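Written below as C-alpha cells is the structure these notes are about.
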Amino acid sequence: MSDTATETTGEGFAALFENSIKSLKEGEVVRGKVLSIDDEHVQIDIGFKSEGLVPAWEFMADDGTVLVKVGDEVDVLLEESEGEDGRIILSKEKADRLKIWDEISRAYKADEAVEGVVISRVKGGLAVDIGVKAFLPGSQVDLRPVRNLEQVVGQKLKFKIIKFNKRRANIVLSRRALLETERKKLRENTLQTLAPGQIVDGVIKNLTDYGAFIDLGGIDGLLHVTDMSWGRVSHPSELFQVGDEIKVKVLKFDSDSERVSLGLKQIQPDPWIDASMRYSIGKRVEGRVVSLAEYGAFIELEPGIEGLIHVSEMSWTKRIKHPSKVVTVGDTVESIVLDVDERERKISLGMKQIEPNPWSVIEEKYPIGTRVSGAIRNITNFGIFVGLEEGIDGLVHVSDISWTEQIKHPGEKFKKGDVVEAVVLKIDKENEKFSLGIKQLEKNPWDEILKKYPVGSEIKGSVSSLADFGAFVKLEEGIEGLIYNSELSGDRVENPSEVVQVGQEVTALITKVDPVEQKISLSIRALTDREQRDALKKLAVQQATSQTTTLGDLLAEKLARKAGEEEEG
C-alpha cells in the first residue's frame, strides 16, 4: 500500500474515531468494559479516547463486596467527556438512577405494576423505595382503611403508579388499585362457580358483634354468629381472629345482590341427634355454667348441647330469687337430667335432685307435738317464721302466739333474731309447709275460764277500751269481756262513751262464755234488771209475812209472782 493510501486510511480512522466521540454526549448512559479494579476506583473503557474512572463504592454491596470483575460490561453515565487529568468522568450510580426513571416511565405508560419496599411513615401516608423514593397515600394502602400504617413498614409489595412527573421527581403509588383489579377478577371467577351446599375456603376479613365477614375470593360472605357453632358463642372473637383461614359451607347465595350466607357448624354433625340416648332422664351429668338468666342457669354439657337448671330446681329448701346466688359463669356443676326434648333442643336439669329431699323425712324428724326452738328469720303481719335448720322454716301464725292476748301484729311482741320455743302442729310435705305454735307450750287457760267465770255470775272490772259497738272490760291479765252497746243500759245507746269511760270501774253480769272463740259477753243492763227483780221479790215476801192484805199488798204480790216466773223462764 502506498504512503498516500496509508495516510488516507489513517485519516479515515481518525475521522471515524472523531465521529464516535462526537456521538457520545455528556449526560447519556453508555456501555463500557471493566479494565481494572482497585480499592478506590473501577477503570472502565467506553471506547472513548481515554478510559474513565468510577468510585469503587458505586459497585459495592451493603457488606462491602465489589459486585463486578475485570471484563464485565456495565452501564455508566458519561458526566464529563474530559476531566482535569484528561480522563472522562463516569458514574454507575447515576446511570442506574436514570435507568430506573426510564423503567418507571415505561411501567407508568404501559400501566404495569412496580415492586418496592415500604421504608417509613410520612405525613399522609408512607414512603416507598421503588429504586427511587415514591409516595403511597394512606387511603391507597389497602381495600379497607389501615388504622396502623406502621405495621406496613418493611413490607415488600407491588404497586400501581397513579401519578408520575420525572422533572419534579414526583411519583405517587397505589396498592389499592392493584387489589381492586385482582379482586374484580377473583369475584368474576367466584360468582361463576359459587353455589349453595359448597364447602369453600375463605379468610376472616372482619369481625362484628353479629358475625364474621369471610373473603371467598373477590366476594364477601357473612358467617352469622348463630352458624359458627352448635354451642353458644357470645362473640365471634371467641373463635376467630382477622386473617384466619377457614372452611365454610355456602348456605344461601343470591347472584343478583351478591349476598352469601355461610355456615361453619353445618360442616359438623348435629350434636342433638340421639341426645335423648346420651342424656337419659335420671342420668347424673356434669357441665360448665355458660350463662345466667333470672329464671335459671344454662349448663354446657358438650359443645352444642346446653341444659337449663331452673331456679326452682336449685334447692329443696331455699327460695332462690336469682341463680347468681348459687352459681357463677364458669362454675362446673353436677345435676340430674329431668327431661329431654330433641325437637325443641331443650334439656331440663336439676341440682337439688343430687341430694335427698329433706321434706321427705321431715315428719320422722319432727313428729307432731315435738317441742322445737329456733331464731326468728322473718316477721309478717300474719305470723313469724322460725328457722329450724338450713332451709326449713316453721310458721307460727299470729293466732297461735297467745291463748289470751289480742295481738294485732307479731312485731309488737318479737323481733328478728329472737330465739323462741314452739310446738310442731302440722306438716304439709307436698306444699312444703311447717306449722308451729307457741301458745300450745302452755295449757289453754280457757279450759278453766268456764269454771272461773260461770254464766250468771257478777264480776267487776275496768273499761280497757271503747269501740263503736261496745266497751271492753279487763277482768284479769289477758282476759277481757265485751259489753255491747245494747247491754250498757236499758235506754238506747249510740256510742258507749255516753255511758262509760276508759278506766272506769264497772260491775256487770256474765251472760255468755265461748272458749273456742275465746269470748266473754257481759251485760250491765241484765245486772240492773236482775237487781230490780230481786228487790220486788223481797218486797213481796215482806208483805206476805205481815198478813195484812191491802190493795197495795195484792199488787206487790202479783209483781213478785211475775218476776219469779220470768226468772224461772
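Screening the candidates 242, 250 for the property of being within 24 Å of residue 184 (Cβ to Cβ), in contact (Cβ under 8 Å) with a residue 40 or more places away in the chain, touching a strand residue (DSSP E or B) at 6+ places or on another chain (Cβ under 8 Å) and not assigned by TED's automatic domain parsing to the domain that holds residue 336 yields one hit, 250. The strands (runs of 3 or more DSSP E) found wholly in region 1-102 and carrying at least 3 residues that are surrounded by fewer than 17 Cβ atoms within 10 Å (Cβ to Cβ) and either among the basic types (Lys, Arg) or modelled with pLDDT of 80 or more (or both) occupy 29-37.
Among the conditions (1) farther than 27 Å from residue 362 by Cβ; (2) surrounded by 12 or more Cβ atoms within 10 Å (Cβ to Cβ); (3) not charged (D, E, K, R), the only one that residue 456 does not satisfy is (2).
So, in region 419-437, of the ones that are at pLDDT below 90 and either assigned by TED's automatic domain parsing to the domain that holds residue 505 or surrounded by 13 or more Cβ atoms within 10 Å (Cβ to Cβ) (or both), which residue ends up nearest to the chain's Cα centre (by Cα)? Before the answer, list the steps.
Step one: list which residues in region 419-437 are at pLDDT below 90, which gives 427-434.
Keeping just the survivors that are either assigned by TED's automatic domain parsing to the domain that holds residue 505 or surrounded by 13 or more Cβ atoms within 10 Å (Cβ to Cβ) (or both) gives 427, 429, 432-434.
Numbers: 427: 41, 429: 37, 432: 34, 433: 36, 434: 38 Å.
My answer is 432.
Looking at region 388-471, the strands (runs of 3 or more DSSP E) lying wholly inside it that each contain 2 or more residues that are within 30 Å of residue 358 (Cβ to Cβ) and touching a residue at least 60 places away in the same chain (Cβ under 8 Å) sit at 433-437.
Of all residues in region 403-418, those being at pLDDT below 85 and farther than 12 Å from residue 380 by Cα number 5.
I want to confirm something. Restricting to region 300-348 and keeping residues that are among the hydroxyl-bearing types (Ser, Thr, Tyr) and part of a strand (DSSP E or B), which single residue is nearest to residue 271 (Cα to Cα)?
Here is the first cut: in region 300-348, the ones among the hydroxyl-bearing types (Ser, Thr, Tyr) are 312, 315, 317, 324, 328, 332, 335, 348.
From what's left, part of a strand (DSSP E or B): 332, 335, 348.
Details: 332: 21, 335: 20, 348: 17 Å.
Across region 300-348, the extreme among qualifying residues is 348.
Filtered by the rule that a residue be surrounded by fewer than 11 Cβ atoms within 10 Å (Cβ to Cβ), among the hydrophobic types (A, V, I, L, M, F, W, C) and more than 26 Å from residue 339 (Cβ to Cβ), region 249-284 gives no residues.
Inclusion of residue 233 among residues that are among the β-branched types (Val, Ile, Thr), touching a Gly at 6+ places or on another chain (Cβ under 8 Å) and closer than 23 Å to residue 302 by Cα is not warranted.
Applying the criterion of being surrounded by fewer than 17 Cβ atoms within 10 Å (Cβ to Cβ) and touching a helix residue (DSSP H, G or I) at 6+ places or on another chain (Cβ under 8 Å) to the residues of region 493-502, the residue that is modelled with the lowest pLDDT is 494.
The values are calculated or read from the model by the stated rules, or taken from the named source; none is laboratory data. What you see is a predicted model; the values in this text were computed from it and never measured. FYI the Cβ positions are ideal-geometry reconstructions off the backbone, even for glycines, and counts take in every protein chain you see.
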